[in-house]
C-alpha cells in the first residue's frame, strides 16, 4: 500500500525527520491561504500515487500568492498519468545547495533490509543507478540488531558528506529506520534530502510503501489507503480476498493461485487469444468469494467468454463448483463459461456442474482452446 | 527414494485445531504420513481425528513426547513468525510453513535467526512437500502424483499441482515435489533444493517451475551451469503479465528489466535447460 507524499511526510514529522512547513489543500483558495501563511514562496505538489509528477507538470514553484492560486487551479484540474489530481501539497520553498538520496527497502537478494544513499540525489536517481551505480552506496542491515552506529558514520563518509552534517544526517537515518520497522514498510525513501542554503537538512519529498500483509497490526495506517486511485473492481475484489487486475483482452479468467493464474493467461496468449484479466481467488475460497469473483469479471463489457481454471489444494473443487453455480443463478451470464476443475474433490465438483449450461474441459490446453473458439464465434 | 520427506518423517502439525490445519492433517494421515502430534496452545491434552493424534500446548512438549523430526505450520499469518521460532527453538530439523500473508519484515527476522541454526525452513506461502508413496507434508493433493525419479521444485502452489497432474497423466513418477513458496523472503530457495536433488541417487531429472519477480531463476541457472549433472526442464509463468503490476504474490513485481519472464527463460536456455511454453508440455520435454 503506497502512501501519498503528504501522508508520508506526516509520518516523517512524527519520527523527527525535518520536513518543510506546509499543508494539504483541495481547492485553489485553500492553497492561496496556505501560501499567504508561508510567506508567498511555495511549491505546489500534486498528490497522486504515481511517479514522474514533476515531469508531467504536477509540481510547480510559485513566487507569489497569486501564482500559488493559479498553479493550484491548474494542477487540481489536471491528470497525472490518467489519475485526476484531487489534492495538492503546499510546501514552503527551500533554497537548495545539495541533494542527497536516502532509502531503506526490503531486499530480496540478501533477504535483509538494505539502505541506499547517494550524494547524487534528485529526479535522475534511476538514471544514476543505471549509468554510474558506484555513486549509490548500499548497505544491508541485520534485521535482528538494526542499524549500528558505525554504519551511520560509514554511510555519511561514503557519500562524502561534510563532517558538520554527520550528526543530523545520522539522526535522520536512525529515524527513518525506526519508521521503516514500526510501520512494516517495504520502502521508505527521501529523494531529495536537501542541504539548504542555511545549512540545514530537510526531506523535500517522502515516499512510504507499506506491507499489505502487515496491515492487521496497523489499523491506523490502513485508514490512510486512498481507494479513489484504485480501479473499483480491484477494490471490490479485495473485500473478498480476490486479487483482480484488469487487462485488455476478451477472455475473463477465474483461477486459484497467482502462478496458475499467470500460466492460464500465458496459454491463452500462446494459443492466439487475449486474457481480459488476472484473477486469483486465493486459497480456501468460500462459495461467496467465488461468486464475487464471477461478478467482478462480468463487470467488464469486453469479456466474451469466461475460463474458470481451478486446481484443488486448500480450495476444494466442490466449494468452487458451489460458488460457480451460485453465481450463475444470480447473474445468468449470456456468454459461454468454460470450467476446468482438478484436484481435491474433483469428482464431486464436476458432478455438481453436470446438466448445466457450463462447458467443461479436461485439460488447461483444451479449456483455453475452447475459450478462444467461443470468443471467435461471438465475434462472427 | 526422496529428499526432505520420507517414511522416517515424524510430523507435528502446528495449528491442528484450525479449519485448514485439521482438514489437511486428515488428508496427510490418509496419505499415511506419520503425524505424531498436533500443537495448539490452550488445547493440550485433547485428541483430534478420532483419537489418532494427541494435542500438545507447546512444540517442545510435543517433540519430547513423540520424537518428532518435522513440523508443518497452519497458524494464521499474524502468528507465523512465532510458530516458526517455536519449532526452530525445539531443534526440529525440517519446518514447512503453509500459511500465506506473513509480513515480510517478520520473515526477514526469521531468516536471519535461521542463519545461526540447523533447521531447514520451507515456505511460508507454499504448498509443502510430497514424496509420492512415502510422505506428504502440506497440502499438495496426494492423488495427483505417482512415485518415480523426477524431482520437482516450484515457487508456485496450484501451478505445481497442474504439473504433477500432467506428469501423472503420462505415467511419469516423481521422487519429491517441493513447493518453496512465492514470498520474497523465505526458507530454502531453488539452489538449495537443486543441490538436494543433484545429490539424491534416485532422482534422475529435475523440473523447475518459476515465475516473474526477483532473480532466483537466474541464480538457479548459474548453479545449474556450474554444478548440475542431471537434466533440468523449466516453466516460467508470467510471460503475458504486464510490466510492473503486482500479481498477487508479494514477490511477483517486475523490477526494471530484471525479473521478467523473457530474461529468466533466456538465461535458463543459455545453460541448456529445456523450456516448456505451457505446463502440459512438460512431460514430453522431460522424457526426451
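Where a number appears in this text, it was derived from the coordinates with a stated rule and is not lab data. Small disclaimer: the values here were computed from a predicted structure and weren't measured. Cβ coordinates were reconstructed from backbone atoms using ideal geometry, including for glycine residues, and neighbour counts include every protein chain displayed.
Please list the equivalent ellipsoid semi-axes of the range B:11-122, computed as the square roots of five times the alpha-carbon gyration tensor eigenvalues, in descending order and whole angstrom. Intermediate values should be presented prior to the final figure.
Values: eigenvalues 98, 44, 30 Å².
Output for the range B:11-122: semi-axes of 22, 15, 12 Å.
DSSP finds beta bridges in the protein assembly as shown, and of those with both partners inside it, around 50 percent are antiparallel.
Rounded to the nearest 10 degrees, the angle from helix A:166-182 to the longest Cα principal axis of chain A is 20 degrees.
For peptide B:152-161, what's the mean number of Cβ atoms from other chains within 10 Å of each residue's Cβ? Averaged over the peptide's residues, the number is 6.
Could you compute the FRET efficiency for residue B:82 and residue A:142, with r as their C-beta to C-beta distance and R0 at 22 Å, rounded to 0.05?
On the way: r = 20 Å, r/R0 = 0.91.
That gives a FRET efficiency of 0.65.
With a 10 Å cut-off around each Cβ of A:264-271, the average count of Cβ atoms from other chains is 5. The label point for residue A:228 and the one for residue A:198, both projected 7 Å from the Cα toward the Cβ, are 3.4 nm apart.
When Rg and Dmax are taken over the Cα atoms of the range A:15-102, they come to 12.7, 34 Å.
Within the listed set B:19, B:50, B:215, the residue fluctuating most in the Gaussian network model of chain B (springs between alpha-carbon atoms under 10 angstrom) is B:50. Relative to the longest principal axis of the Cα atoms of chain A, helix A:364-379 runs at roughly 90 degrees. Principal-axis analysis of the Cα atoms of chain A puts helix A:65-76 at an angle of about 10° to the longest axis. Across the range A:312-352, the residues whose backbone nitrogen lies under 18 Å from the label position 7 Å along the beta-carbon direction of residue A:373 are A:335-341. Pairwise Cα distances in chain A exceed 30 Å in 53 percent of cases. So, R0 is 56 Å and r is the distance between the beta-carbons of residue A:10 and residue A:351; what FRET efficiency does that work out to, to 0.05? The formula returns an efficiency of 0.50 here.
Summing -39500 (n - 2.57) over the DSSP H runs of n ≥ 4 in the protein assembly as shown and dividing by its residue number, what mean residue ellipticity at 222 nm do you reach, to the nearest 500 deg cm²/dmol?
Values: 22 runs with 234 residues, N = 668.
Rounded to the nearest 500, it is -10500 deg cm²/dmol.
As an exercise, find the ratio Rg/Rh for the range B:76-234 from alpha-carbon atoms, using the Kirkwood inverse-distance average for Rh.
Reported Rg/Rh, Kirkwood definition of Rh: 0.96.
Computed over chain B, the alpha-carbon pair-distance distribution with 10 angstrom bins reads 7, 30, 35, 21, 6, 0, each value a whole percent. Note on the range B:140-287: semi-axes of the ellipsoid equivalent to its C-alpha gyration tensor, largest first and rounded to whole Å, are 23, 17, 14. Placing one identical point scatterer on every Cα of the protein assembly as shown and ignoring solvent, what is log10 I(q)/I(0) from the Debye formula at q = 0.06, 0.11 Å⁻¹? Relative scattering, expressed as log10 I(q)/I(0), comes to -0.37, -1.15.
Reported to the nearest whole Å, the Cα centre-to-centre distance from the range B:82-113 to the range A:158-192 is 29.
According to the Kirkwood relation over distinct C-alpha pairs, the hydrodynamic radius of the range A:63-221 is 17.5 Å. The Cα center of the range A:83-147 and the Cα center of the range B:1-73 differ in position by 46 Å. Looking at the P(r) of the range A:237-380, how many percent of alpha-carbon pairs lie beyond 19 Å? Of all Cα-Cα distances in the range A:237-380, 43 percent exceed 19 Å. Result for chain A in a Gaussian network model with C-alpha springs under 10 Å: among A:74, A:126, A:230, the largest mean-square fluctuation is at A:126.
Taking other Cβ atoms within 10 Å as a rough exposure proxy, B:10, B:115, A:376 sort from fewest to most as B:115, A:376, B:10.
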